[in-house]
């Protein structure tokens, strides 16, 4: 085989590896849907805080708790907004999480003041 054919094969293999690597990086450019559902659930609860300042601080605490940056959170929302079926699955999981929290609270003994 001529040298140029070997070079062409080598270049093709290298380009294929680069393309594969780049596609893998795009896939992990967002938070896993299951984890994001937990984070989003906690974000909703944090947003119910009484003051805007408390709410903003709580949101940052949630991100810190899950070791997620604001950029990762935003990229994930953007990713899900571009994938409506996945976004629906995440929302379903968030609703399930909220229902579990509600049921747990209802089962806790009520304290009298």
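Quick note: the coordinates plus some simple rules give every number you see, no bench work behind them. Since we're looking at a predicted model, the values are computed, not measured. Cβ atoms come from the backbone with ideal geometry, glycine included; neighbour counts cover every protein chain shown.
Residue separation times 0.36 nm, minus the C-alpha to C-alpha distance between residue 91 and residue 78: what's the value?
On the way: separation 13, 0.36 × 13 = 4.68 nm, distance 1.44 nm.
Stretched fully, the residue 91-residue 78 segment lengthens by 3.2 nm.
Starting from the Cα of residue 34, step 7 Å along the direction of its Cβ; do the same at residue 47; then give the gap between the two resulting points in nm.
Between residue 34 and residue 47, the simple spin-label model gives 2.5 nm.
According to a simple spin-label model (label point 7 Å from Cα along Cα-to-Cβ), what is the distance in nm between residue 56 and residue 103?
3.8 nm
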